[in-house]
Amino acid sequence: MVVNHNGGELLRRCLDALATQTTLPKEIAVVDNLSTDGSTVFLETLSEPLASRVRLISPGLNLGFAAANNLAAGRTSQPWIATLNPDAFPEPDWMASLIDATRRHPGVAMFGSTQLDAGNPLLLDGAGDVLHASGLVWRGHHGAALAELPAEGEVFSPCAAAALYRRDAFEAAGGFDPSFFCYCEDVDLGFRLRLAGERCVQVTAARVHHVGSAITGRRGGFATYHGTRNLIWMFVKNMPTPLLALLTPVHLALNAVLLARALVLGQAAPALRGSWDAIRHIGPVLASRKAIQARRRLSTIGVARALDWSIAGIIRRRARSLPIPRSLSFPPPLGGSDPIASDMPK
């Protein structure tokens, strides 16, 4: 699934990279969120192998990343769902590496990709998403040298710029939260899946070259507003009650620090609006929290172990890539001999 909004030549480059996959996706759903740059016109002239696989979905409005991916998931039927940003360009064996990982770890519902800096592939753009006990989130190993890439292991959640989800788990969790629009929606989904007892494996060999915030901008008002609001919603909605009580003062302190940082960067206004909107629209979040916590299968201790508690983690922004326990190697939950077809969905 590729969600596009004025992606320009990035979208073309993304699909060109998909065409070179050693294992081609059977379905490629491209959702266009009301682009005005004509970036999807070239889809009408696609040749094989993409012409018969690409489906353009135009909802007629900008749904945001979260709802657009949910829409695309509802229009496909394969047992696995992959998300790919238009500014992420997969290497030829990206899909094959993800497929191989699902077979080696049949009990896992989430798989992340190694994201290389598109401008300098010797640097990492990210290797799995991290959730700190304070509620801060980051892409693990962002900006680190490629040589520091850890071995394949378990991380908190995948970055949805290039991720794979088992459909039954994705749908049972309700997909991405459409109220988030974009930013933190992938960590929020990963958190809900973890609470349901699912795990995430970061696949070292599945590599994409990622521009990163090429469309929305890294530090603009749009990113600051949604990042601020969604960080609060994600923390309040998902954190088990004992941890919520323990960590709320820490989370408030974090938001104060982030507000001060926004002030220095000239982004105080969108940060304040994000905080205010998070509070004044907290009612639906609390209602969602009640349902999520009622379905929770992972213990409070299990959640605590999945968080990063270190000060060094915040400073260095590294991911804890943990060994994959044998408990993840139980039979596939989808039934049948092998839920992975030779043509993977996208």
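The values are calculated or read from the model by the stated rules, or taken from the named source; none is laboratory data. Just so it is clear, the structure is predicted and the values come from calculations on it, not from any experiment. Protein only, heavy atoms only, side chains kept; ligands, DNA and RNA dropped before computing areas. Shrake-Rupley method; radii C 1.70, N 1.55, O 1.52, S 1.80 Å.
Computed over the chain with a Gaussian network model linking Cα atoms closer than 10 Å, the most mobile of His142, His132, His281 is His281. The Cα center of the range 51-106 and the Cα center of the range 1-50 differ in position by 11 Å.
Averaged per residue, what accessible surface does the range 221-296 expose to a 1.4 Å probe, in Å²? Can you show the working numbers first?
Working: 3880 Å² over 76 residues.
Value for the range 221-296: 51 Å² per residue.
What whole-number value in Å² describes the accessible area per residue of the range 100-150 for a 1.4 Å probe?
Working: 1490 Å² over 51 residues.
Normalised by residue count, the accessible surface of the range 100-150 is 29 Å².
Using a 1.4 Å probe on the protein heavy atoms, what percent of the accessible area of the range 81-231 belongs to carbon and sulfur? With neighbouring chains kept in place, the figure for the range 81-231 is 56 percent.
For the range 221-296, what's the relative contact order in percent, using C-alpha pairs closer than 8 Å and at least 6 residues apart? Kindly include the intermediate steps, with their values, before the conclusion.
Working: 50 pairs, mean separation 42.3, N = 76.
This gives 56 percent for the range 221-296.
For the chain, the mean residue ellipticity at 222 nm estimated from helices alone is -11500 deg cm²/dmol, where every DSSP H run of n ≥ 4 contributes -39500 (n - 2.57) and the total is divided by all residues, rounded to the nearest 500. Over all pairs of different C-alpha atoms, the range 221-296 has a mean inverse distance whose reciprocal, the Kirkwood radius, equals 12.9 Å. The share of alpha-carbon pairs in the range 30-83 lying farther apart than 17 Å comes to 42%.
Working with all protein chains in place, sort Arg207, Arg229 by solvent-accessible area computed with a 1.4 Å probe, largest first. Don't skip to the end; give the middle numbers.
Details: Arg207 65, Arg229 25 Å².
Result of the area sort, largest leading: Arg207, Arg229.
Taking a quarter of the surface of the Cα convex hull of the chain gives a mean projected area of 16.5 nm².
Computed over the range 120-211, the Cα gyration tensor eigenvalues convert (square root of 5λ each) into semi-axes of 23, 14, 13 Å, ordered from largest to smallest.
Helix by helix through the chain, keep the DSSP H runs that span 20 Å or more along the axis on Cα and average at least 1.6 on Kyte-Doolittle, and give those back in order.
Details: long enough: 221-238 (25 Å, -0.07); 241-264 (34 Å, 1.67).
What comes out of the filter, once short or polar helices are dropped, is 241-264.
Among Pro242, Pro150, Pro92, the largest mean-square fluctuation in a Gaussian network model of the chain (Cα springs under 10 Å) belongs to Pro242.
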